[in-house]
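Q: Pasting in a structure now, in structure tokens, and then I'll have a few things to ask.
What follows draws every value from the coordinates through simple rules; no lab data is involved. These numbers were taken from a predicted model, which means no experiment stands behind them. As a convention, Cβ positions derive from the backbone with ideal geometry for all residues, glycine included, and neighbour counts pool all protein chains shown.
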Amino acid sequence: MRIAIIGCMVMNREISHLVAESRHMVRVWWLRQGLHDTPDLLRTSLQETVDTIERENEHLPETLRFEAIVLAYGLCSNGVIGLRSRSLPIVVPRCDDCISLFLGSADRYRELFARLPGVYWYNAGWIEQAFTPSKENYARRRAEYAAEYGEENADYLMECTNNWMTNYKHCGFITCPLSERPEHEAYARQAAADFGWEFTKVEGEMGFLDALVNGPWEDEEFLVCPPGYRIIASNDERKIAA
């Protein structure tokens, strides 16, 4: 099978590994991390990439054409809602975001969410590709604010920026099953100490990501949206529908 994957860079290590070992022919289109902060921008970027894949597919020999587009995204602030393809099925995991994919299942995510209320998640991909809370990152951001808006305004903006942190009590660090990254764990532990969070180390699992890349795309875990249909929110535990 020939599969086109659209992935967020936070999953670069895991998906690249799975693609290299896949029995399928897989090509990945990467999007930068952080698009979920503006769901309309994420939706636009995803739809543009879907359209690009379809246009390219039309010019490929029949034996080289993709048979499905796989999104390495969950709901992601509803950024996947409204997407459609004219000619290819779109496969989407039934989960809120990439945390479920790193943990191995949406059920495990819900279980840990109940056990660790107010948890902020860290892992290698987030630390390498995203703005993750740390004293170093906040000092850098404050310096940027001060340079652009002045010292007094920088303090106010940082206060606004950090308001969300009062809702968190736990720091969850998800390990990478492919290799140990002691520097990333140390980063998360230091962030927990800096912000007064309880640190919990959780083993990452590759099963959900493996099924995403290689199938089978069972209905319990994945939506396979047929060509011509749009992805909609189902507003239940299944998350999405066609």
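Q: Please specify each residue of the stretch 97-127 satisfying the condition of being over 22 Å from residue 233 (Cβ atoms) and without any contact (Cβ under 8 Å) to a residue 24 or more places away in the chain.
A: Those that are over 22 Å from residue 233 (Cβ atoms) and without any contact (Cβ under 8 Å) to a residue 24 or more places away in the chain: 111, 114, 115.
Q: Can you pull out the residues in the stretch 188-236 that are crowded, with 17+ Cβ neighbours inside 10 Å and on the phi > 0 side of the Ramachandran plot?
A: 215
Q: Filter the stretch 169-184 for residues that are crowded, with 17+ Cβ neighbours inside 10 Å, over 19 Å from the mean Cα position of the chain (by Cα) and under 17 Å from residue 129 (Cβ atoms) and give the result.
A: 181 - this is the single residue of the stretch 169-184 that is crowded, with 17+ Cβ neighbours inside 10 Å, over 19 Å from the mean Cα position of the chain (by Cα) and under 17 Å from residue 129 (Cβ atoms).
Q: Please list, ordered by residue number, the strands (runs of 3 or more DSSP E) wholly in the stretch 1-88 having 3 or more residues that are surrounded by fewer than 20 Cβ atoms within 10 Å (Cβ to Cβ). Let's see the steps before the verdict.
A: Numbers: elements: 2-8, 25-31, 68-72.
Counting at least 3 such residues, we get 25-31.
Q: Tally time: how many residues in the stretch 193-228 are part of a loop (DSSP other than H, G, I, E, B), under 25 Å from residue 24 (Cα atoms) and of a type outside the set (Gly, Ala, Ser)?
A: Here the count works out to 10.
Q: Working carefully through the options 118, 150, find the one that is on the phi > 0 side of the Ramachandran plot and either touching a His at 6+ places or on another chain (Cβ under 7 Å) or hydrophobic (A, V, I, L, M, F, W, C) (or both).
A: Numbers: 150 fails: either touching a His at 6+ places or on another chain (Cβ under 7 Å) or hydrophobic (A, V, I, L, M, F, W, C) (or both).
Being on the phi > 0 side of the Ramachandran plot and either touching a His at 6+ places or on another chain (Cβ under 7 Å) or hydrophobic (A, V, I, L, M, F, W, C) (or both) holds for just one of 118, 150, which is 118.
Q: Those residues that are farther than 25 Å from residue 203 by Cβ and touching a residue at least 40 places away in the same chain (Cβ under 8 Å), I need them from the stretch 132-164; list them, please.
A: To start, the set of residues in the stretch 132-164 that are farther than 25 Å from residue 203 by Cβ comprises 135-164.
Correct list: 135 only.
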